[in-house]
Amino acid sequence: MTAPADLAAATVRWTAVCTLDDLAPERGAAALVDSEQVALVRLLDDRVLAVQQLDPFSGAHVMSRGIVGSRSIDGADVPTLTSPMYKQVFDLQTGRCLDGAGKAPLDLRTWQVVVTDGVVHVGGAR
């Protein structure tokens, strides 16, 4: 999630991956962070969220090519990412599988993201 942060804090290792302008709103982009593929999604409000690029259902690294949307959960709109392979739907903030499309839910890992001076930094996985 995009939030102010002290990039000098020693508890999280931050990696600068791109500028905010490099990310098209409502589209995904793949980045390699510490040898792991991460799917970055910039929302319309300029928040940037990061989930694993690996689709847990198909085993393909395709999540950055997913469909960005939203769902109402408990009265709150939640940004979602739908797998381009078998159409499972995931909460972009938590990685939780919201719709397994007939299969047992498998969640996505998420990463911390901050945008500082227009640069997108990805931190540790949650």
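The values are calculated or read from the model by the stated rules, or taken from the named source; none is laboratory data. None of these values were measured; they are calculated from a predicted model. Glycine also receives a Cβ, built like all others from the backbone with ideal geometry; neighbour counts cover every protein chain displayed. Protein only, heavy atoms only, side chains kept; ligands, DNA and RNA dropped before computing areas. Shrake-Rupley method; radii C 1.70, N 1.55, O 1.52, S 1.80 Å.
Close amide H partners of VAL120, meaning residues 5 or more places away or on another chain with modelled amide H under 5 Å apart, are VAL17, CYS18, THR19, LEU20. Ordered from longest to shortest, the equivalent ellipsoid semi-axes for the chain are 23, 15, 13 Å, each the square root of 5 times a Cα gyration tensor eigenvalue. In the range 37-97, the alpha-carbon atoms span a convex hull of 73 Å³ per residue. Extension gain, GLN93 to ASP74: 0.36 nm times the residue separation minus the Cα-Cα distance gives 5.4 nm. The residue among VAL113, CYS97, VAL51 whose Cα reaches farthest toward the positive pole of the charge dipole of the chain, with charges on the beta-carbon of Lys, Arg, Asp and Glu, is CYS97.
Across the accessible surface of the chain, with the other protein chains kept in place and a 1.4 Å probe, carbon and sulfur atoms take up 50 percent.
In the chain, what percentage of the DSSP-assigned beta bridges are antiparallel, given to the nearest 5?
On the way: 36 of 37 bridges.
Taking every DSSP beta bridge with both residues in the chain, the antiparallel ones total about 95 percent.
Look at where the Cα atoms of the range 69-85 and of the range 15-30 average out, and the two centres are 20 Å apart.
If only the Cβ of Lys and Arg carry +1 and only the Cβ of Asp and Glu carry -1, the dipole of the chain around its Cα centre is close to 380 debye. Annotation: amide H of THR80 within the under-5 Å range of GLY69, SER70, ARG71, LEU92, sequence separation 5 or more or interchain, hydrogens built in the peptide plane.
Full extension of the chain between ALA104 and ASP46 gives 17.7 nm of extra length, using 0.36 nm per residue less the Cα-Cα distance.
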